Amino acid sequence: MNTIKSVSIYSYFLVLAWLLGFTTLAYTQKLPDNILKNGDFDLKLDGWHHWTHESAAAVFQTEGNKAEPIVGKNVAYIRINKAGNALGHIQLYQQPFTLEEDITYTYSLWAKSEKPRNVTMRIMHQGAPWNVYSAKSISLSETWKEFFITFKMPVDDVNSRAGIIMGIEKVDVWIDHIRLYEGEYVSDIEGAEPHAVEPSSKLTTTWAELKI
């Protein structure tokens, strides 16, 4: 009887140790490398570019605790004083970097706005003919939300560009924790409920042809 009891206890602890070991392994699994630099804006806007059309006016800066950062100490804050005449007239972006043909990538970010509005996530070629590989409008609100798009590259591109375009609406925008990495979406923040958005149906188009 004691022998049976001892075996049962031993088996219990063996299974428990295995489960704990598995849990630890899953928890410590290496996250995919972020192709983008300074995605959490810890270095202010270092590595990021911005552009406004002459019809628009915006201030690009970082904001700290007041904005309740998702990760780190800062977020990107775009104060829009004049909305411009098109969505692309206010842009925050990073380039250049290399994306490879037939590789699946995920582009994700957290964002919120002064009041409900739309902005567009976009992956494209930096330079003529400005091919757009993936782009989608996302709906922001006063609450932080995570959005992502997953796409497969149709070509090799050593001069790729990732950005957010936010013209037309005179509504301020906050952005944080921007990631671009190989593979399907991977959550790295406990409790996050990401909003998957479908990229444009055409694998490659030009910005002039894209209507969003």
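Bear in mind these aren't lab numbers, they're just calculated from the coordinates by the rules spelled out. Fair warning: this is a prediction, and the values are worked out from it, not measured in the lab. Glycine gets a Cβ as well: all are built from the backbone with ideal geometry, and neighbour counts include every protein chain shown.
A few notes on this one:
- Gain in span if fully extended, ASP102 to SER139, counting 0.36 nm per residue against the direct Cα distance: 10.4 nm
- Out-of-range pairs (alpha-carbon distance over 25 Å; input LYS37/LYS170; LYS37/LYS66; LYS37/LYS112): LYS37/LYS170
- Modelled spin labels at GLU190 and ASP156, positioned 7 Å past Cα toward Cβ, are 4.3 nm from each other.
- Note on HIS49 and LYS82: the extension gain reaches 10.0 nm, defined as 0.36 nm multiplied by sequence separation minus the Cα-Cα distance.
- Shown is the FRET efficiency for ALA128 and GLU68, computed with R0 = 35 Å from the Cβ-Cβ distance and rounded to the nearest 0.05: 0.30.
- Distribution of pairwise C-alpha distances over region 32-206, 5 Å bins, in %: 1, 9, 18, 23, 22, 16, 8, 2, 0
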